[in-house]
1. Taking only the stretch 62-104 into account, find how many residues are in contact with a Cys (Cβ under 9 Å, 6 or more places away or on another chain) and either hydrophobic (A, V, I, L, M, F, W, C) or in a helix (DSSP H, G or I) (or both).
2. Just checking, does the stretch 100-109 include any residue being out of contact with any Phe, Trp or Tyr (no Cβ under 8 Å at 6 or more places or on another chain), surrounded by 11 or more Cβ atoms within 10 Å (Cβ to Cβ) and acidic (D, E)?
3. Just checking: which of the strands (runs of 3 or more DSSP E) contained wholly in the stretch 124-205 hold 1 or more residues that are free of Cβ contacts under 8 Å to residues at least 60 places away in the same chain, of a type in the set (G, A, S) and in contact with a Phe, Trp or Tyr (Cβ under 7 Å, 6 or more places away or on another chain)?
4. Does Y193 satisfy the condition of being surrounded by fewer than 23 Cβ atoms within 10 Å (Cβ to Cβ) and in contact with a Pro (Cβ under 6 Å, 6 or more places away or on another chain)?
5. Name the single residue that is modelled with the highest pLDDT among those in the stretch 257-268 being among the hydrophobic types (A, V, I, L, M, F, W, C) and surrounded by fewer than 23 Cβ atoms within 10 Å (Cβ to Cβ).
6. Restricting attention to the stretch 206-242, which residues are hydroxyl-bearing (S, T, Y), out of contact with any helix residue (DSSP H, G or I) (no Cβ under 8 Å at 6 or more places or on another chain) and either in a helix (DSSP H, G or I) or open to solvent by less than 20 Å² (accessible area, probe 1.4 Å) (or both)?
7. Checking the structure you have, find out if any residue of the stretch 115-122 is surrounded by 19 or more Cβ atoms within 10 Å (Cβ to Cβ) and either at pLDDT 95 or above or of a type in the set (F, W, Y) (or both).
8. Among the residues of the stretch 156-191, how many are of a type in the set (G, A, S), out of contact with any strand residue (DSSP E or B) (no Cβ under 6 Å at 6 or more places or on another chain) and within 23 Å of E221 (Cα to Cα)?
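The values are calculated or read from the model by the stated rules, or taken from the named source; none is laboratory data. Everything numeric in this text was worked out from a predicted model, so none of it was measured. Because the Cβ atoms are built from the backbone with ideal geometry, glycine has one as well, and the counts that use them run over all protein chains shown. Calculation scope for accessible area: heavy atoms of the full protein, side chains included, ligands and nucleic acids excluded. Shrake-Rupley method; radii C 1.70, N 1.55, O 1.52, S 1.80 Å.
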Amino acid sequence: MKNIPHDYYLRFIDTRVYDEVLAFHNKGNFTFHPAIKNLTRLHRLDEKHLGQLTGNELAFYPDMDLTSALTLPQEGKYKSLIRNESCEQFLPQSLEFSDVEKLIFPLLSRSMGSYKRGYPSGGALYPAEIFLCSLTEENLNWPSAGKILHLLPRSRKFEVMQIDTGIEELKAALLSSPNAIGTPGLAVIYTIYMPKNLFKYRYRGYRMALMEVGSIYMLVELQAKALGLGCRLWSAYTDSMLCKVLGINPALFLPVCVHFIGKQHEAC
């Protein structure tokens with residue numbers, strides 16, 4: 001079978017494993033809606049304790065004298081391998097589609113005859129599916145009327161998602177929580193296709209898929225830096241709302257994170 005239909009994998013999964021992983025994933029889901037914005041909270045920590053608990057390294061012997069610790073060199077020659085800081089404020093400017101193509105180039109198969117891509121995947125399963133959404137109406141270089149594309153890394157092509165989703169619908173699903181990050185030109189959405197994820201490694205496959213997504217978005221971060229673009233990873237969305245605007249089944253696809261890309265203020 002040259003091209004396997006996406007639901008073909010359902011024949012090979014253990015439904016019990018599938019249900020348990022889906023239930024676990026849903027425990028980490030957020031629900032953003034104006035009707036409940038004053039009724040829910042994530043934690044009860046005050047600003048003092050938040051400041052104390054975030055941004056720290058984990059030392060096993062915090063009270064010992066650190067003079068005997070090994071000191072790492074301060075070389076700057078590897079700075080190309082260091083991502084830029086997350087963009088605080090995007091400019092309301094669209095991206096050239098040629099930059100979008102360059103952005104995802106590291107994710108493609110190395111050659112047309114190879115399935116190996118620019119990032120590692122446990123057992124070559126590649127369960128991460130990537131969607132690209134234009135977030136600006138005036139993006140005249142976007143190759144189709146539809147604003148959502150699905151990446152086919154091995155074929156080196158995009159599929160145009162056959163769903164009529166407008167810019168405002170996309171923004172409502174992606175940026176439903178209060179934010180002040182400006183207007184990113186592009187949203188790259190990383191999802192896991194569950195049947196492809198679990199049929200071989202079962203529960204372990206879920207861990208491998210999360211590792212894979214991390215590899216992918218770091219490559220995108222470094223490529224965006226080379227292109228002079230700003231990036232910001234984003235998790236303030238509701239899974240079901242996001243799947244709805246993409247036109248995918250939330251019982252089969254699990255959104256992992258959103259990656260905003262765009263033109264940035266110099267301070268970013």
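1. 2
2. Taking every residue of the stretch 100-109 in turn, at least one turns out to be out of contact with any Phe, Trp or Tyr (no Cβ under 8 Å at 6 or more places or on another chain), surrounded by 11 or more Cβ atoms within 10 Å (Cβ to Cβ) and acidic (D, E).
3. 128-134
4. It is true that Y193 is surrounded by fewer than 23 Cβ atoms within 10 Å (Cβ to Cβ) and in contact with a Pro (Cβ under 6 Å, 6 or more places away or on another chain).
5. So, considering only residues that are among the hydrophobic types (A, V, I, L, M, F, W, C) and surrounded by fewer than 23 Cβ atoms within 10 Å (Cβ to Cβ), the one modelled with the highest pLDDT is C257.
6. Result: S215, Y217, S240.
7. Yes.
8. Looking only at that region, the number is 2.
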